[in-house]
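Data first, discussion second: the structure below is written as structure tokens.
The values are calculated or read from the model by the stated rules, or taken from the named source; none is laboratory data. Worth saying up front: this structure is predicted, and the values here are computed from it rather than measured. No Cβ is skipped: glycine too gets one built from the backbone with ideal geometry, and neighbour counts run over all protein chains shown. Surface areas here come from the heavy atoms of the whole protein model, side chains and all, with no ligands, DNA or RNA. Shrake-Rupley method; radii C 1.70, N 1.55, O 1.52, S 1.80 Å.
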Amino acid sequence: MTAQMIDGNALSKQLRTEVATRAQALKAKGITPGLAVVLVGDNPASQVYVRNKVKACEDSGLHSVLEKYDATMTEADLLARVAALNEDPSIHGILVQLPLPAHIDAQKVIEAISPAKDVDGFHIASAGALMTGMPGFWPCTPYGCMKMLESIGYDLKGKHAVVIGRSNIVGKPMALMLLQKDATVTVAHSRTQNLKALTLQADVVVAAVGKRNVLTADMVKPGAVVLDVGMNRNDEGKLCGDVDFEGVKQVASHITPVPGGVGPMTITMLLVNTLEAAERVAI
Ligand SMILES: Nc1nc(=O)c2c([nH]1)NC[C@@H]1CN(c3ccc(C(=O)N[C@@H](CCC(=O)O)C(=O)O)cc3)C=[N+]21
């Protein structure tokens with residue numbers, strides 16, 4: 001038996017249709033949800049991601065503004081742009097694409113974004129809201145993972161979830177979201193001893209390391225659900241995740257592919273957060 005795929009493109013299509021419908025309803029009230037995407041420098045991967053985000057906005061009837069700046073932009077100038085976007089009533093969400101050039105303190109820039117417009121969910125106020133269960137924006141990648149579990153009707157209550165990776169953007173918020181749904185959560189990382197002993201006990205595994213073959217078939221309990229957050233290139237230059245997909249799909253009950261899995265869901269949840277930011281203004 002091979003695992004069922006959780007198709008991030010198909011689920012995104014469905015959710016983006018709902019976003020478009022709600023955006024239409026807001027427009028009838030005179031509000032068009034607006035996202036500002038700020039890109040500093042010429043990282044080629046960032047150029048592609050940012051273009052995808054802007055296109056996704058257009059397709060769902062959201063207004064988007066792409067601001068591109070030279071890699072030499074000063075931190076002060078970027079902070080001034082963020083301050084201006086905070087005040088701009090046509091903008092409900094602000095995304096500053098990471099990574100930023102090394103001379104800019106990324107955390108300082110993130111903290112300058114108004115939490116009401118922090119659709120990436122990276123501000124410490126957003127992180128605090130997630131931790132305490134208060135209303136606030138959730139980081140898009142782990143939020144997308146939760147939607148994928150929801151799409152297969154998966155009940156996390158009492159289940160053991162192992163998150164591999166402890167980044168502020170994926171691993172840590174992922175663990176909190178799973179915990180909020182009553183899972184028993186283990187966070188593994190580069191210093192974890194005997195990872196396999198942990199993952200073999202897991203009902204759900206989320207791989208979010210950024211390294212190929214972090215999770216192989218021998219590490220997976222039969223019937224487990226595997227979510228692959230990785231974005232790597234294989235020897236042929238093809239996009240691949242952290243999971244040995246071909247092997248693990250023989251053991252898991254459900255698995256997300258790369259590409260076409262968590263990646264498109266990240267963009268979808270950005271649209272959802274932007275829409276919700278605009279809806280909150282409309283109340
Ligand atoms: N402030 C900020 N917010 C982010 O959300 C953010 C960021 N910075 N910096 C970079 C990462 C990366 N990221 C991706 C989103 C979608 C895909 C995606 O749609 N991937 C497609 C494939 C795309 C391709 O073919 O290259 C897929 O998995 O099917 C990938 C990566 C968002 N990021």
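Considering only residues that are open to solvent by less than 50 Å² (accessible area, probe 1.4 Å), under 25 Å from Leu62 (Cα atoms) and part of a helix (DSSP H, G or I), look in the stretch 106-124 and name the one that is nearest to the ligand (Cβ to nearest atom). Per the stated criteria, the residue is Ile110. The condition of being at pLDDT 95 or above and among the acidic types (Asp, Glu) does not hold for Glu58.
Within the option set Gly61, Gly30, Gly34, being among the small types (Gly, Ala, Ser), more than 14 Å from the ligand (Cβ to nearest atom) and closer than 13 Å to Leu95 by Cα holds for one residue only, Gly34. Pairs linking a residue in the stretch 214-237 that is open to solvent by 30 Å² or more (accessible area, probe 1.4 Å) to a residue that is of a type in the set (Ser, Thr, Tyr), with Cβ atoms under 9 Å and 6 or more positions apart or on different chains, are Lys221/Thr199; Pro222/Ser253; Gly223/Ser253.
Rundown of residues vs (1) in contact (Cβ under 8 Å) with a residue 60 or more places away in the chain; (2) away from the ligand (no atom under 11 Å from the Cβ); (3) in a loop (DSSP other than H, G, I, E, B); (4) surrounded by fewer than 20 Cβ atoms within 10 Å (Cβ to Cβ), yes/no style:
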site: Ile94; (1), (2), (3), (4): no, no, no, no
site: Leu100; (1), (2), (3), (4): yes, no, yes, no
site: Ile104; (1), (2), (3), (4): yes, yes, yes, no
site: Met148; (1), (2), (3), (4): yes, yes, no, no
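For the stretch 60-74, filtered to residues that are of a type in the set (Val, Ile, Thr) and more than 9 Å from Ala36 (Cβ to Cβ), the residue that is surrounded by the fewest Cβ atoms within 10 Å (Cβ to Cβ) is Thr72.
Here's the yes/no breakdown for (1) closer than 27 Å to Asp228 by Cα; (2) touching a Ser or Thr at 6+ places or on another chain (Cβ under 9 Å); (3) part of a loop (DSSP other than H, G, I, E, B):
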| position | (1), (2), (3) |
| --- | --- |
| Gln24 | no, no, no |
| Lys27 | no, no, no |
| Lys53 | yes, yes, no |
| Ser64 | no, yes, no |
| Glu67 | no, no, no |
| Leu78 | no, no, no |
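Residues that are touching a helix residue (DSSP H, G or I) at 6+ places or on another chain (Cβ under 6 Å) and either polar (S, T, N, Q) or free of Cβ contacts under 8 Å to residues at least 24 places away in the same chain (or both) within the stretch 182-213 comprise Thr186, Lys196, Thr199, listed in sequence order.
Specify the residue that is farthest from His254 (Cα to Cα); the eligible residues are those in the stretch 195-207 that are touching a strand residue (DSSP E or B) at 6+ places or on another chain (Cβ under 8 Å) and either open to solvent by 40 Å² or more (accessible area, probe 1.4 Å) or in a helix (DSSP H, G or I) (or both). By that ranking, first place goes to Leu195. Please enumerate the residues belonging to the stretch 259-275 that are more than 8 Å from the ligand (Cβ to nearest atom), among the β-branched types (Val, Ile, Thr) and open to solvent by less than 10 Å² (accessible area, probe 1.4 Å). Those that are more than 8 Å from the ligand (Cβ to nearest atom), among the β-branched types (Val, Ile, Thr) and open to solvent by less than 10 Å² (accessible area, probe 1.4 Å): Thr268, Thr274.
If you go through the stretch 151-194 and pick out every residue that is open to solvent by less than 80 Å² (accessible area, probe 1.4 Å) and at positive phi, you end up with 3.
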